[in-house]
Amino acid sequence: MYDTACAAGERLAGALGSLAAEGAESEDALVARLVSEVGGDGGTLADAAVRRGMAAAVRDVRAMHPEMDDAMNGGGAGGGFAWDILCDLYQVFFADMVGEFLRSAVAEHVNLAVPVLIATDPEGRIADWVAEKVVDLAPNPCEESAEATDLAQAVDTAQSVVGAAQDPSTALPKIAESLVPQAVGKILGLITEETTGEEGAAA
């Protein structure tokens, strides 16, 4: 799962710049594009979880950002999605991917250590568990770019000097890509912690 998730996260990071510039014509078009570009055509449980997680992330972020409709209808500046939307999409994707992986693992009776409450009531518990514990573990590239690294500082400096001629579309995808191992490691590590920590011991 780790390698599949990292590869998918890197592909999503690579797509962010074009989404900032072009947007999409509709939610269906955006889902189809990202499921294809990010999810690939692999046949493993993890590959399927990536594709379903990508589709779920688009729906979740659209619910968070009704203004996405303006971009999809050509009303956004430049026709693309704002970076706060794209950074949320990146963050939510990792959580939804793990949620879909857990659902599949439970449904297929895969011998996978999952939190006991999830195993006993997957439909009712996985979404709550993901919302409570997973989403905030995934780093948000827009937030991270404000703190660390010469790359982010270079973007800020360039923007202050040349304004719109230099936008985050070049740097933020690179920041997002650099954060992938951290995002995947934290989220998949949480699954292990949940099954070996106090809750697992109590069960």
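The values are calculated or read from the model by the stated rules, or taken from the named source; none is laboratory data. On a predicted model such as this, the values are computed, not experimentally measured, just so you know. So basically every Cβ, Gly included, is an ideal-geometry build from the backbone, and we count neighbours across all protein chains shown.
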Any residue at all in segment 55-70 that's closer than 23 Å to Ser104 by Cβ and touching a Gly at 6+ places or on another chain (Cβ under 8 Å)? yes
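Identify, from the list Val114, Val110, Val106, the residue that is surrounded by fewer than 16 Cβ atoms within 10 Å (Cβ to Cβ), β-branched (Val, Ile, Thr) and modelled with pLDDT under 85. So that I can check it myself, show each step before the final result.
Details: Val114 fails: surrounded by fewer than 16 Cβ atoms within 10 Å (Cβ to Cβ); Val106 fails: surrounded by fewer than 16 Cβ atoms within 10 Å (Cβ to Cβ).
Being surrounded by fewer than 16 Cβ atoms within 10 Å (Cβ to Cβ), β-branched (Val, Ile, Thr) and modelled with pLDDT under 85 holds for just one of Val114, Val110, Val106, which is Val110.
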